[in-house]
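Taking it in order: structure first as structure tokens, then the write-up.
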Amino acid sequence: QVQVVESGGGLVQAGGSLRLSCAASGSTGSIYLMGWYRQAPGKERELVATISNAGSTNYADSVKGRFTIFRDNAKNTVHLQMNSLKPEDTAVYYCNVRRPEYFYWGQGTQVTVSS
């Protein structure tokens, strides 16, 4: 089992910044990817950014140039630095941790960007 805990969400004005953090614990030896997804009211959960254990990153087009994902493999921790936030970034952000044949999710952290 892998436990996933997110932190860092909050309320910020448009143009501001937030940093989300996610820590994985438990059976973490075979984790190959960690990342962030988000879900806004009435919308499907969507990919925001992922990073592999080798450091390869993937970003949604909507956040490229504004968000940066980075990971501390030794600590099984991933962060999402979010800059130039827009109201459309408002969502619950979920940390995703992947092992072979398993996906693990955190409980989510609310990010609200006001106009």
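Out of the residues in the stretch 72-110 that are assigned to a strand (DSSP E or B), within 17 Å of G8 (Cα to Cα) and among the β-branched types (V, I, T), which is nearest to the chain's Cα centre (by Cα)? The selected residue is V78.
Pairs linking a residue in the stretch 71-94 that is touching a residue at least 60 places away in the same chain (Cβ under 8 Å) and under 22 Å from S30 (Cα atoms) to a residue that is part of a loop (DSSP other than H, G, I, E, B) and open to solvent by 50 Å² or more (accessible area, probe 1.4 Å), with Cβ atoms under 9 Å and 6 or more positions apart or on different chains, are Y94/R45; Y94/Q107. When V63 is tested against (1) more than 22 Å from V12 (Cα to Cα); (2) under 14 Å from the mean Cα position of the chain (by Cα); (3) open to solvent by less than 20 Å² (accessible area, probe 1.4 Å), only condition (1) is not met.
The values are calculated or read from the model by the stated rules, or taken from the named source; none is laboratory data. From a predicted model like this one, the values you see are computed outputs, not experimental measurements. Here the Cβ is made from the backbone with ideal geometry for all residues, glycine too, and neighbour counts use every protein chain on show. Accessible surface areas use protein heavy atoms only, side chains included; no ligands, DNA or RNA. Shrake-Rupley method; radii C 1.70, N 1.55, O 1.52, S 1.80 Å.
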